[in-house]
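Quick notes on the structure that follows.
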């Protein structure tokens, strides 16, 4: 059994699988979103986020750490909206619900 594991590992190294996986992650919005959600799972389960919108906002801010990506998303509003929609679709498909059902929080107006 151990030898099979090492053989699989050696084959993976020979085929450069790790580099290909990282390139796929870099090229695929779906992969990025899923990886982000996996990394954020402990925070999601601890209810650190009130809504999917907060998660989307954090994801976009992380995406914008890359200056090229930031410029692309700023110049292409449709691409940004599409990315946000894709994020929401994945969350919906996963059944991710952050807000509890019931009465919404009361919003106080300015000056009261």
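If you go through the stretch 46-61 and keep only what is at pLDDT 95 or above and surrounded by fewer than 12 Cβ atoms within 10 Å (Cβ to Cβ), you end up with just 61.
Being in a loop (DSSP other than H, G, I, E, B) and closer than 19 Å to residue 78 by Cβ is the filter here, so list the residues in the stretch 42-65 that pass it.
64
Once the stretch 25-45 is narrowed to residues that are farther than 14 Å from residue 63 by Cα and exposed (fewer than 12 other Cβ atoms within 10 Å of the Cβ), the residue that is farthest from the chain's Cα centre (by Cα) is 45.
Among the candidates 31, 10, single out the residue that is modelled with pLDDT under 90, in contact with a helix residue (DSSP H, G or I) (Cβ under 7 Å, 6 or more places away or on another chain) and in a helix (DSSP H, G or I).
31
The values are calculated or read from the model by the stated rules, or taken from the named source; none is laboratory data. These figures come from a predicted structure and were not determined experimentally. Neighbour counts run over all protein chains shown; Cβ positions are idealised from the backbone, glycine included.
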